[in-house]
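These notes concern the structure reproduced below.
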Amino acid sequence: MASYAKDPRCTAMAEALVPLLRRNCPEGAGGFGGSYQVNLDDEEAVGLGGVELIRAAMRKAARQLGWKVTTIGMIGTRHGTMVVVQDVREVPEEHQAVLNDAMNDRMRAALHKVWGDQGPAPVQRGSVALMTQEFRAAVATGSA
């Protein structure tokens, strides 16, 4: 597999992603527990350099934040091209409660949607649709 670490497109994309990844960490969690997912049209992903370049940029950006990461990149899913990065570091005890609360909030929002509950949905910070929009804007700004 080719290395994208020094590819200028990867570097520019990673620089644009750092603030997005940082902002997606739960507030008060000390930068732990972040994750980021984008769903792009397959053609759009190819135009940005392909799934492996996008994945490499996400890894590079996450490592700049001190994350230990796992990444996923899949082409041709029912959502198009899906790329994910997740911080898998051991969470210190002082941040565990904040991360548990954030996970419970995400589950509550997901169940609200699945069950079709009436009334306002719980606030869901960092939906995939929002992350994808932010990613597109950041990458477009970074390449302009």
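Please go through the stretch 71-86 and give me each residue that is under 10 Å from the mean Cα position of the chain (by Cα) and not hydrophobic (A, V, I, L, M, F, W, C), ordered by number.
THR71, GLN86
Give the residues of the stretch 56-72 that are more than 14 Å from ARG22 (Cα to Cα) and surrounded by 20 or more Cβ atoms within 10 Å (Cβ to Cβ), sorted by residue number.
Within the stretch 56-72, ALA56, ALA57 qualify.
If the Cβ limit is 8 Å and pairs must be 6+ apart or interchain, which residue in the stretch 63-75 that is outside any strand (DSSP E or B) pairs with which residue that is open to solvent by 80 Å² or more (accessible area, probe 1.4 Å)?
Matching pairs, first to second residue: LEU65/ARG22.
Residue check: is GLY30 of a type in the set (Gly, Ala, Ser) and exposed (fewer than 15 other Cβ atoms within 10 Å of the Cβ)? It would help to see each step written out before you state the result.
On the way: of a type in the set (Gly, Ala, Ser): yes; exposed (fewer than 15 other Cβ atoms within 10 Å of the Cβ): yes.
It is true that GLY30 is of a type in the set (Gly, Ala, Ser) and exposed (fewer than 15 other Cβ atoms within 10 Å of the Cβ).
Could you tell me which of the residues VAL84, VAL98, VAL88 is touching a residue at least 24 places away in the same chain (Cβ under 8 Å), of a type outside the set (Gly, Ala, Ser) and over 18 Å from GLU134 (Cα atoms)?
VAL98
The values are calculated or read from the model by the stated rules, or taken from the named source; none is laboratory data. Not measured: the values here are computed from a predicted model. No Cβ is skipped: glycine too gets one built from the backbone with ideal geometry, and neighbour counts run over all protein chains shown. Heads up: the accessible areas ignore ligands, DNA and RNA and are worked out on the full protein's heavy atoms, side chains in. Shrake-Rupley method; radii C 1.70, N 1.55, O 1.52, S 1.80 Å.
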